[in-house]
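Visitor: Take this structure first; my questions come after.
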Amino acid sequence: MLNEIDLGGLFFPPLLLCGILAIPLTQLTIMLLVRRGLASWIWHKHLFNAALFTLYTATCWWLTQILVAH
(Lines give C-alpha, C1' and ligand atoms only; values in the text may rest on other atoms or scores of the structure.)
Protein backbone atom coordinates (compact mmCIF):
# COMPACT_ATOMS: atom_id res chain seq x y z
CA MET A 1 0.00 0.00 0.00
CA LEU A 2 1.23 3.45 -0.89
CA ASN A 3 1.39 5.66 2.18
CA GLU A 4 2.87 8.97 1.07
CA ILE A 5 4.47 10.57 -1.96
CA ASP A 6 7.54 12.70 -1.35
CA LEU A 7 7.79 15.73 -3.63
CA GLY A 8 10.71 17.97 -2.72
CA GLY A 9 10.55 17.15 0.96
CA LEU A 10 6.79 17.61 1.18
CA PHE A 11 4.70 14.53 1.80
CA PHE A 12 1.32 14.21 0.08
CA PRO A 13 -1.33 11.53 0.38
CA PRO A 14 -1.75 9.72 -2.94
CA LEU A 15 -5.50 10.30 -2.95
CA LEU A 16 -4.88 14.07 -2.99
CA LEU A 17 -2.65 13.74 -6.02
CA CYS A 18 -5.26 11.55 -7.73
CA GLY A 19 -7.85 14.26 -7.04
CA ILE A 20 -5.58 16.92 -8.48
CA LEU A 21 -5.07 14.79 -11.59
CA ALA A 22 -8.83 14.23 -11.90
CA ILE A 23 -9.61 17.96 -12.16
CA PRO A 24 -8.17 18.55 -15.66
CA LEU A 25 -9.50 15.18 -16.84
CA THR A 26 -12.99 16.17 -15.73
CA GLN A 27 -12.72 19.58 -17.38
CA LEU A 28 -11.44 18.02 -20.61
CA THR A 29 -14.31 15.54 -20.68
CA ILE A 30 -16.89 18.27 -20.08
CA MET A 31 -15.31 20.42 -22.80
CA LEU A 32 -15.50 17.52 -25.26
CA LEU A 33 -19.13 16.83 -24.35
CA VAL A 34 -20.03 20.48 -24.90
CA ARG A 35 -18.24 20.63 -28.25
CA ARG A 36 -20.00 17.49 -29.47
CA GLY A 37 -23.38 18.76 -28.32
CA LEU A 38 -23.85 15.94 -25.84
CA ALA A 39 -23.88 18.17 -22.77
CA SER A 40 -27.48 19.17 -23.48
CA TRP A 41 -28.54 15.60 -22.61
CA ILE A 42 -27.20 15.93 -19.07
CA TRP A 43 -30.05 16.71 -16.71
CA HIS A 44 -28.09 17.95 -13.68
CA LYS A 45 -24.70 19.24 -14.85
CA HIS A 46 -23.17 19.86 -11.42
CA LEU A 47 -24.10 16.39 -10.19
CA PHE A 48 -22.67 14.90 -13.40
CA ASN A 49 -19.43 16.87 -12.92
CA ALA A 50 -19.11 15.63 -9.33
CA ALA A 51 -19.75 12.04 -10.39
CA LEU A 52 -17.23 12.31 -13.22
CA PHE A 53 -14.62 13.77 -10.86
CA THR A 54 -15.27 10.95 -8.38
CA LEU A 55 -14.96 8.36 -11.15
CA TYR A 56 -11.64 9.75 -12.35
CA THR A 57 -10.28 10.01 -8.80
CA ALA A 58 -11.30 6.44 -7.97
CA THR A 59 -9.83 5.14 -11.23
CA CYS A 60 -6.53 6.89 -10.55
CA TRP A 61 -6.48 5.51 -7.00
CA TRP A 62 -7.25 1.99 -8.27
CA LEU A 63 -4.50 2.17 -10.91
CA THR A 64 -2.06 3.49 -8.33
CA GLN A 65 -2.80 0.58 -6.02
CA ILE A 66 -2.35 -1.94 -8.84
CA LEU A 67 0.92 -0.43 -10.09
CA VAL A 68 2.43 -0.15 -6.60
CA ALA A 69 1.46 -3.71 -5.67
CA HIS A 70 3.53 -5.13 -8.52
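The values are calculated or read from the model by the stated rules, or taken from the named source; none is laboratory data. All of these numbers come straight from a predicted model, not from anything done at the bench. Glycine also receives a Cβ, built like all others from the backbone with ideal geometry; neighbour counts cover every protein chain displayed. Ligands, DNA and RNA are stripped out before the accessible areas are found, and what is left, the full protein with its side chains, is counted by its heavy atoms. Shrake-Rupley method; radii C 1.70, N 1.55, O 1.52, S 1.80 Å.
Visitor: Using a basic spin-label model with each label point 7 Å from the Cα along Cα→Cβ, how many nm lie between Trp43 and Leu10?
Guide: Between Trp43 and Leu10, the label points sit 4.1 nm apart.
Visitor: If you average the sequence gap of Cα pairs under 8 Å that are 6 or more apart and divide by the length of the chain, what percent do you get for the contact order? The partial results should precede the final answer.
Guide: Numbers: 44 pairs, mean separation 28.5, N = 70.
Contact order relative to length: 41 percent.
Visitor: Could you state the angle between the C-alpha long axis of helix 45-69 and the longest principal axis of the C-alpha atoms of the chain, as a value from 0 to 90 degrees rounded to the nearest 10?
Guide: 30
Visitor: Okay, next question. Just by accessible area at a 1.4 angstrom probe, what is the order of Ile30, Ile20 from largest to smallest? Walk me through the numbers on the way to the answer.
Guide: Values: Ile30 45, Ile20 95 Å².
Per-residue accessible area, sorted high to low, gives Ile20, Ile30.
Visitor: Can you list which of the chymotrypsin sites (Phe, Trp or Tyr not before Pro) found in region 1-65 are DSSP loop residues with at most 16 other C-beta atoms within 10 Å? Provide the component values of the computation, followed by the final result.
Guide: Values: sites: Phe11, Trp41, Trp43, Phe48, Phe53, Tyr56, Trp61, Trp62; in loops: Trp43.
Qualifying residues, ordered by number: Trp43.
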